[in-house]
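Everything on this sheet refers to the single structure shown next.
The values are calculated or read from the model by the stated rules, or taken from the named source; none is laboratory data. Quick caveat, the model's predicted, so the values are computed rather than measured. With ideal geometry, Cβ positions are generated from the backbone for all residues, glycine too; neighbour counts draw on all protein chains shown.
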Amino acid sequence: MSTTRGNTGLLTTQAWRPETDVNPRNTTLRRALTELRKAGVKGKVLEVGCGAGRFISYVAREIPDAQGHGCDLSYDDVLLAAMLSPQVKYAAADMTRLPYAKDAFDAVVMFDILEHLTKPEDGLAEVRRVLKPSGIIHALVPCEGQVATLHWLMWKLGLGSDLKEKRVGHVQRFTHKSLSRLLADHGFLMTSASYSMHPVGQIKDILMYLEQEHPRVGWLWRNPAYRLIYSGLWAYSYVESMVLSEVPLSAVSVHVSAMKI
C-alpha cells in the first residue's frame, strides 16, 4: 500500500479496499443518526468522502424523508457505491471543489476526512457553500495532537509519529480546541460534541497500524493468545467509547455537530 498527494492537497491511499457494509451498532453511525434526528433533518443529506457509500446509504434508510447524496475522490469507489445503493445519488468529486449548487443541502456529514486535507479550511468553505442557512454538519474528526493521548505522546517522543500519515494519509494533528476554532472561523456554531477512542481504543488503533507498517510482526497475529487479547481490546474500546462519550480528557476522536450561521 502506498500514498500519493494530488494537486488538491488531499493525501490518497493506493490499493485501498473500500468497506461496503456497516454494523448498526457502529459508534460513528449511531452518533451521526442521533444528531441528525435531534436536529429534525429532512431533505438532502450529503456525505463528503463517502467511499463505497456504507454510511450514507444507511442514513438514507433510517432518516425519514432524507434524500441521500454522496461524493468521493475515488471514481472506483463511487461506481461501487452506485451499484450497491442505487437509491443514493453519487458523484466523484474533490471536497475543495464540490459539484453542487449553493445552499443545496440540509445537512452534510463527513467521517475521518478533515485530517486528510492539507488545507482543511478550503474543504470547510465548500461545505458551508453547499449547506443551506441553519443547515448542520456532523463530523468525526481524529484529534491526534490532543495532549494526554497516546498518539500525542508518540508524536512528542518521535516514536512512529508519522505512522498514520504514511499508512492512511493523516496530515493534520488537530486538538479539540483547534477543531473548535476551525469551525468557528469558517461560519459554524458548534451545537454538540461527544468523544471516543480513549486510551484502550488508542492502543487498539496503534497496534493495527503497527502491524501494517511492520509485516515482520505478522507472527503475532498467528498467535492465538494475541488474537484473543486484540479481540478483547476491540470489545473493551467499544464499551469505553459508550461509557466515556461525554469525557474529553484523553480522547482522540471528536464527534461534532455544528450549524451554519
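Taking the criterion of being closer than 17 Å to residue 140 by Cα, of a type in the set (Ser, Thr, Tyr) and surrounded by fewer than 22 Cβ atoms within 10 Å (Cβ to Cβ), would at least one residue in segment 71-78 satisfy it? Show your work before the answer.
The initial filter retains those residues of segment 71-78 that are closer than 17 Å to residue 140 by Cα, namely 71-72.
Cutting the leftovers down to of a type in the set (Ser, Thr, Tyr) gives us none.
No, segment 71-78 contains no residue that is closer than 17 Å to residue 140 by Cα, of a type in the set (Ser, Thr, Tyr) and surrounded by fewer than 22 Cβ atoms within 10 Å (Cβ to Cβ).
Just checking, which of 227, 181 is modelled with pLDDT of 90 or more, farther than 24 Å from residue 36 by Cβ, part of a helix (DSSP H, G or I) and not hydrophobic (A, V, I, L, M, F, W, C)? Walk me through how you get there before you give the answer.
Details: 227 fails: modelled with pLDDT of 90 or more.
Of the residues listed, the single one that is modelled with pLDDT of 90 or more, farther than 24 Å from residue 36 by Cβ, part of a helix (DSSP H, G or I) and not hydrophobic (A, V, I, L, M, F, W, C) is 181.
Within the set of pairs 6 or more residues apart or between chains, which connect a residue that is among the acidic types (Asp, Glu) and at pLDDT below 95 inside segment 230-259 to a residue that is part of a helix (DSSP H, G or I) and surrounded by fewer than 20 Cβ atoms within 10 Å (Cβ to Cβ) with Cβ atoms less than 7 Å apart?
So the pair list comes out empty.
Each row is one residue, and each column tells you yes or no for (1) surrounded by 22 or more Cβ atoms within 10 Å (Cβ to Cβ); (2) in contact with a Leu (Cβ under 6 Å, 6 or more places away or on another chain); (3) aliphatic (A, V, I, L, M); (4) touching a residue at least 24 places away in the same chain (Cβ under 8 Å).
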site: 103; (1), (2), (3), (4): no, no, no, yes
site: 109; (1), (2), (3), (4): yes, no, yes, yes
site: 114; (1), (2), (3), (4): yes, no, yes, yes
site: 118; (1), (2), (3), (4): no, no, no, yes
site: 121; (1), (2), (3), (4): no, no, no, yes
site: 128; (1), (2), (3), (4): no, no, no, yes
site: 131; (1), (2), (3), (4): yes, no, yes, yes
site: 134; (1), (2), (3), (4): no, no, no, yes
site: 141; (1), (2), (3), (4): yes, yes, yes, yes
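Among 87, 146, which is in contact with a His (Cβ under 7 Å, 6 or more places away or on another chain) and at negative phi? Please lay out each step first, then the result.
On the way: 87 fails: in contact with a His (Cβ under 7 Å, 6 or more places away or on another chain).
Answer to the check: 146.
For segment 62-101, what are the residues that are touching a residue at least 60 places away in the same chain (Cβ under 8 Å), among the charged types (D, E, K, R) and in contact with a Leu (Cβ under 7 Å, 6 or more places away or on another chain)?
Result: 94, single match.
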